[in-house]
Amino acid sequence: MVDTFEISVNKVAESRLSKVDFDGIKFGRDYSDHMFMADFYDGKWHDSRIVPFAPLTLSPANVSLHYGQSVFEGMKAYKNANGEVLLFRPLVNSRRINISAKRMCLAEIPEEIFMGGILELLALDKDWVPDREGTSLYIRPLLFAMDEYIGIKPSDTFRFMIITCPAGAYYSRPVKVMIETHYTRAVEGGTGFAKAAGNYGSSLYPTKLAQEKGYDQIIWTDAKSHEYVEESGTMNVLFIIDDILVTTPTGDTILKGVTRDSVLTLAKDHDLKVEERKLSVVELIDAAKSGRLQEAFGVGTAASIASISNIGFQETDYKLPVEMLWAKRFTTWLDEIKTGKVEDKYGWIMKV
Ligand SMILES: Cc1ncc(COP(=O)(O)O)c(C=O)c1O
């Protein structure tokens, strides 16, 4: 599937690095100097290359624009105290993009291209990885159809790209979430487990409505009955009820988060009982009312751990305790591993 894997490099004439305000990073606005690209045609990946970050030229008939045959990944690079660049569990993302690719009829990306592209790109743009507390370089691999054809059929040609941008601390304050019982993000047999572009496009409108009511994000519920908690925005959701970490199992409708898996591992290692089981909204709200819901937090690459301060359900707002003991612990433990402050006993870190 790979046509002699070698990456050609065309460097920028002048870096834009000095123009970036690293004290006031605006996430997703300033992109690093270079990007990685590879093209799939004639049944093989070709022409792996690093070029200056620049707009693309696409046919208006490009099928990913029309039919959403497009998937992506999200991961981060961190700096350790010696200024070395570290990646957190990148092979999981490399595998996950291919799970998404298969569901959306896109060509799978060999690990050597995915990882080779990231490592070479980061080696070149390592000065774009911020080193202040809580900051990182966000890495966005994306894979989309390139056929120029108005008609619904799987594309035969694809492009894989990686772009990166500096990221500050994501949610600096606890978030307010609203339980959604009308709109649906994902349904069994659908694409919820994939990082397919359309999942995110369709979530915008319900999220906008929740934001108009003063919430930051939605907690999605199952499509059939809207009785069971699923996930939230770009985060899996975890709850501490009666000193037990409760979270919904991942499946067809929920993205299998790298952060979720890491937090569950840390929890088990710190003797926090974990239950992966269906959690009904009724049980959650009862626990909130009776004070047995001790904590709630979203977990994901962008936010790491986002404590939840309020849960809205049927026009009532339930306020959670402010203490957030476990959320703070997980934030610290993950941060220490990701930035090389503690020994990585799990083998999660890859040095660039
Ligand atoms: C829908 C959804 N759920 C959960 C997550 C969290 O996954 P991860 O921890 O791998 O970032 C993400 C982010 O990628 C997401 O988009």
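Got a sec to turn the phi values of the range 290-303 into Karplus ³J(HN,Hα) couplings, 6.51 cos²θ - 1.76 cosθ + 1.60 with θ = phi - 60°, whole Hz, x for Gly and Pro?
Taking θ as phi minus 60°, the curve returns 8, x, 7, 7, 7, 8, 9, 8, x, 10, x, 4, 4, 8 Hz for the range 290-303.
Kindly state, to the nearest 0.05, the FRET efficiency for THR316 paired with TYR200, given R0 = 35 Å and r defined as their beta-carbon distance. Walk me through the numbers on the way to the answer.
Values: r = 28 Å, r/R0 = 0.81.
Calculated transfer efficiency: 0.80.
Ranking request for peptides 321-332, 105-116: highest mean number of other beta-carbon atoms within 10 Å first, then the rest in descending order. Could the numbers behind the result be given before it?
On the way: 321-332: 16.5, 105-116: 19.2.
Put in order of decreasing packing, that is 105-116, 321-332.
If you line up the long axis of helix 90-103 against the longest principal axis of the chain, both from Cα atoms, how many degrees apart are they, to the nearest 10?
With both axes taken from Cα atoms, the answer is about 90 degrees.
Report the relative contact order of the range 1-128, percent, no decimals, based on alpha-carbon pairs under 8 angstrom and at least 6 residues apart. Before the final figure, lay out the partial values.
Values: 141 pairs, mean separation 32.9, N = 128.
Relative contact order of the range 1-128: 26 percent.
Along the principal axes of its C-alpha atoms, what lengths does the range 175-338 span, in descending order and rounded to whole Å?
The Cα atoms of the range 175-338 stretch 37, 33, 25 Å along the principal axes, largest first.
Using per-residue counts of other Cβ atoms within 10 Å, averaged over each peptide, order 267-275, 223-231 from highest down. List each step's numbers first, then the result.
Values: 267-275: 13.0, 223-231: 17.9.
Put in order of decreasing packing, that is 223-231, 267-275.
In debye, nearest 20, what is the charge dipole magnitude of the chain about its Cα centre with +1 on Lys and Arg Cβ and -1 on Asp and Glu Cβ, if you could check?
Numbers: 41 positive and 49 negative charges, 68 e Å.
Roughly 320 debye, rounded to the nearest 20.
Cα-Cα over 25 Å: which of LYS19/LYS338; LYS26/LYS195; LYS213/LYS268?
Working: LYS19/LYS338 27 Å; LYS26/LYS195 23 Å; LYS213/LYS268 37 Å.
Violating the 25 Å Cα-Cα cut-off are LYS19/LYS338; LYS213/LYS268.
Expressed as a whole percent, how much of the Cα-Cα distance distribution for the range 8-167 exceeds 27 Å? Numbers along the way, then the final one.
Details: 3250 of 12720 pairs.
The calculated P(r) of the range 8-167 puts 26 percent of pairs beyond 27 Å.
If one computes P(r) from the Cα atoms of the chain, what percent of pairs lie at distances over 40 Å? Before the final figure, lay out each step's value.
Numbers: 8456 of 61776 pairs.
Result for the distance tail: 14 percent.
Taking the alpha-carbon distance from LYS44 and a cut-off under 17 Å, which lysines remain once sequence neighbours fewer than 8 residues away in the same chain are dropped?
Once the sequence-local lysines are set aside, what remains near LYS44 is LYS102.
Working from the alpha-carbon coordinates of the range 10-105, get Rg over Rh, Rh being the Kirkwood radius. Write down the numbers at each step before the final one.
Values: Rg = 16.6 Å, Rh = 16.7 Å.
Computed over Cα atoms, the ratio is 0.99.
Helix 325-338 against the longest principal axis of the chain: what's the angle in degrees, Cα atoms only, rounded to the nearest 10?
That works out to roughly 20 degrees.
For the chain, which whole percent of the accessible surface, found with a 1.4 angstrom probe, sits on carbon and sulfur atoms? Intermediate results must be reported in sequence, preceding the final value.
On the way: 8270 of 16400 Å².
After summing per-atom areas, the C and S share lands at 50 percent.
Could you check which residue among ARG96, ARG132, ARG185 shows the biggest mean-square fluctuation in a GNM of the chain with a 10 Å Cα cutoff?
With Cα springs under 10 Å in the chain, the top fluctuation among ARG96, ARG132, ARG185 is at ARG132.
Taking Cα pairs under 8 Å and at least six residues apart, what relative contact order does the range 177-305 come out at, in percent?
Numbers: 222 pairs, mean separation 34.9, N = 129.
Computed over the range 177-305, the figure is 27 percent.
Roll a 1.4 Å probe over the protein chains and send me the accessible area per residue for the chain in Å². Don't skip to the answer; put the middle values down first.
Working: 16400 Å² over 352 residues.
That works out to 47 Å² per residue.
Hey, if you put +1 on the Cβ of every Lys and Arg and -1 on every Asp and Glu Cβ in the chain, which of LEU272, HIS66, PRO154 ends up farthest toward the positive end of that dipole?
Going by the charge dipole, the pick is LEU272.
Using alpha-carbon positions, what is the distance between the centroids of the range 1-79 and the range 236-250, in Å?
Centre-to-centre distance over Cα atoms comes out at 36 Å.
The values are calculated or read from the model by the stated rules, or taken from the named source; none is laboratory data. This one's a predicted model, so the numbers in the text were calculated from it and none came from an experiment. Methodologically, a virtual Cβ is constructed for each residue, glycine included, from the backbone with ideal geometry; neighbour enumeration extends over all protein chains shown. Note: accessible area is taken over every heavy atom of the protein model, side chains too, but ligands, DNA and RNA are not part of it. Shrake-Rupley method; radii C 1.70, N 1.55, O 1.52, S 1.80 Å.
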